[in-house]
Amino acid sequence: MELVLPYLWVALVDGRIPANVCVDACMTLRNAYGQLGIRAELLPVDLAVQHKDGGGTRYGSLTPRWTGTSWNGHCVLVLPDSERFVDATVEQFVEVREIGMGPMIGKVALSIDGEGSLVRTGAQVVLQRGDLLLTYTVAGPEVVASIVEHPEAVAHVDGHRRTGVNVASLALVAMRGEGVRGRAMQAPHPRLRALLRAVGDAAYESDEAGDVRFCLPDQHGRERWLRLDEVPLPPSVPAAWPRL
């Protein structure tokens, strides 16, 4: 995960991928990770940012809600298989952005509670960034449903998936570079390794719709421009996440 994240992050913030809201960024990254075979799930949180003088600001909420098409809360991603969480949009908060260190990555102890949550409600993760202390408190599992089942989120499911595939494609292009591919091939993600082998050094480009495509043989051996989710892989390769 630590190897993959920098490339996903660059693809999100370099201007090609619109991700100005934490929900949109998390939904997009969830699909991007998933295309590479890395399971990621939304984790709604309350975030308290504390300065060394004791003052601070609270962002998000333990009881977030939608106001029209705006979600009043904060969320991160949890990667269950590596027990990590990723706050992709932590720099939307001014005091954190001033430090300029990119996304926040933290270790989280995973536990399945009686409600089926990946992380116990009320659990806290405390991280240091510069002179700031960031305390994340996990909201209830019902909050996840309130996000993904809301009409605003449902209306953008296809867009999040499409953008996620493009983000994953750009990440894969970066990871196949000299000095990087070897490390990527050591990652414990069979789908990522299979995609790196399949794509190889194939040419890529963005089509008129903005989708990243690779020039590769299709399942019939005919050379075509394929999206990452169209690249033929052996049947033994795990499917992309999320799996319905």
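The values are calculated or read from the model by the stated rules, or taken from the named source; none is laboratory data. Since the structure is predicted, the reported quantities are computational estimates derived from the model, not experimental observations. In this analysis, Cβ positions are derived from the backbone assuming ideal geometry, glycine residues included, and neighbour counts consider all displayed protein chains. The accessibility values were calculated without ligands, DNA or RNA, using every heavy atom of the protein model including side chains. Shrake-Rupley method; radii C 1.70, N 1.55, O 1.52, S 1.80 Å.
Computed from phi, the 3J(HN,Hα) profile of the range 67-72 under the Karplus parametrisation 6.51, -1.76, 1.60 (θ = phi - 60°) reads 10, x, 9, 10, 9, 8 Hz, with x in place of Gly and Pro.
Look at the alpha carbon pairs under 8 Å that are at least 6 residues apart: their mean separation over the length of the chain gives a relative contact order of 23 percent. Within the listed set T28, T89, T57, the residue fluctuating most in the Gaussian network model of the chain (springs between alpha-carbon atoms under 10 angstrom) is T57. Distances between placed amide hydrogens fall under 5 Å for G37 paired with W241, all partners being 5 or more residues away or on another chain.
Less than 5 angstrom separates the built amide H of G56 from those of H51, all sequence-distant by 5 or more or on a different chain. Based on the convex hull around the alpha carbon atoms, the range 40-81 presents an average projected area of 4.2 nm². Other residues within the sphere of radius under 12 Å centred on the Cβ of L228, judged by their own Cβ, net out at +2 (K and R +1, D and E -1). Ordering Q219, M185, N166 by the projection of their Cα atoms onto the charge dipole of the range 149-232, which places +1 on the Cβ of Lys and Arg and -1 on the Cβ of Asp and Glu, puts M185 at the extreme positive end. Legend: P(r) of the range 22-121 from all alpha carbon pair distances, 10 Å bins from 0, whole percents, reading 14, 43, 35, 8, 0. In this simple spin-label model, placing a label point 7 Å from the Cα along the Cα-to-Cβ direction at both V180 and L62 gives a separation of 4.1 nm. Heavy-atom surface analysis with a 1.4 Å probe gives the chain a carbon and sulfur content of 50 percent of its accessible area.
Convex hull volume of the Cα atoms of the range 110-244, normalised per residue: 194 Å³. For V157, the shell of other residues with beta-carbons less than 14 Å away shows a net charge of -1, using +1 for Lys and Arg and -1 for Asp and Glu.
Segment L127..Q92, full-extension length gain: 10.9 nm, with 0.36 nm per residue of separation and the alpha-carbon distance subtracted.
Residues whose amide H lies under 5 Å from that of H189, counting only those 5 or more places away or on a different chain, are absent; hydrogens are built 1.01 Å from N in the peptide plane.
Overall, the chain carries a charge dipole of about 580 debye about its Cα centre when +1 sits on the Cβ of Lys and Arg and -1 on the Cβ of Asp and Glu, all other atoms neutral.
Here the range 20-64 is assigned +1 on the Cβ of each Lys and Arg and -1 on the Cβ of each Asp and Glu. Its dipole about the Cα centre then comes out at about 80 debye. Per residue, the accessible area of the range 96-244 comes to 55 Å² when a 1.4 Å probe rolls over the protein heavy atoms.
Rounded to the nearest 20 debye, the dipole size of the range 168-244 about its Cα centre is 460 debye, using +1 on the Cβ of Lys and Arg and -1 on the Cβ of Asp and Glu.
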